[in-house]
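The next block holds one structure in the form of structure tokens; read it before the comments.
The values are calculated or read from the model by the stated rules, or taken from the named source; none is laboratory data. None of these values were measured; they are calculated from a predicted model. Virtual Cβ from ideal backbone geometry, glycine too; neighbours counted across all protein chains shown.
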Amino acid sequence: MKNENQPDLNNQPIAQPSGHTWVASVVRWGTAAAGVLGAVMMVSCSTVSRTVMDMPNIPGAEFVGNENCSQCHAETVRDFHTSTHARLQAKGTNAVQLGCEGCHGPGSLHAQAGGGRNNILNPRRDSETCFKCHLDKRGEFSLPHHHPVLEGKVSCGDCHNPHKGSMIAGGGTQMTSEKETCGKCHTAQMGPFVFEHEAIREGCTTCHKPHGSVNRRLLTERNSTLCLKCHFQEQQTAGALYIGGGNHATGRMKEGTCFSGGCHEEVHGSNVHSSLRY
């Protein structure tokens, strides 16, 4: 029964907000939505300390756990707890889905076949497995100058050992020794030299970005900007600019070059000149 004091909504027109009021409402709603979205993004990016992984998939295969892997890969499984990647291993009933299979995929078919490359993922052959977590490195490999990982000529495993060791230099995903690791391919730059560039002792990454750079030769900085990060002991007097005892106010220094201008061509070391010249 209808209440006599209640307005008849069926017979009354619905009030429409004025244009100004309607626009203001939309603006307030949009501002609130943006604030909520921003808060969610801040929570997801800033306060979550976990890595969200896209688990690898092999059609028809199931996760079997590290114990199955240890039957053939005993040494690798034994030492894996020392690796940085061991932190990715879950604890509890879902632990079977991480560990070895977190990178290599579910191993049931691999185990049933007694091994073989065709039924397991091999990051050495496809670095996309590594990029599932290391998204920033995939971005660096997409820069104009990079090691040819995306082209399939080099793999992450050529420089890194993910199965053993910590993030401290000496193992794990850190290069065992920069000079030793880079020298496997870049033999000419390793010397020995009569006059060695001291930067070599500090490591190749003092001057180079190994994954990718916007600068030629994977340099961290352009031209003299890089050199002056260490060779900044300069004196300026009466139009002269002395660096390393020599006046650099004239010549190629004005063009911003140290090595490409033909002065210090042997930047890794020289056998004939202490100023790293031929």
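Some points to look at:
- Every residue from the range 145-174 that is among the β-branched types (Val, Ile, Thr) and modelled with pLDDT under 90: ILE168, THR173
- Counted as qualifying within the range 97-169 are the helices (runs of 4 or more DSSP H) with 1 or more residues that are under 17 Å from the mean Cα position of the chain (by Cα) and among the small types (Gly, Ala, Ser), namely 135-141.
- Residues that are surrounded by fewer than 18 Cβ atoms within 10 Å (Cβ to Cβ) and on the phi > 0 side of the Ramachandran plot within the range 196-234 comprise GLY203, ARG217, listed in sequence order.
- Residue count for the range 209-229 satisfying the condition of being part of a loop (DSSP other than H, G, I, E, B) and basic (Lys, Arg): 3.
- Sole residue being of a type in the set (S, T, N, Q) and modelled with pLDDT under 90, chosen from SER142, SER177, SER108: SER177
- Screening VAL96 on (1) at pLDDT 90 or above; (2) in contact with a Gly (Cβ under 7 Å, 6 or more places away or on another chain); (3) not polar (S, T, N, Q) shows it passes everything except condition (1).
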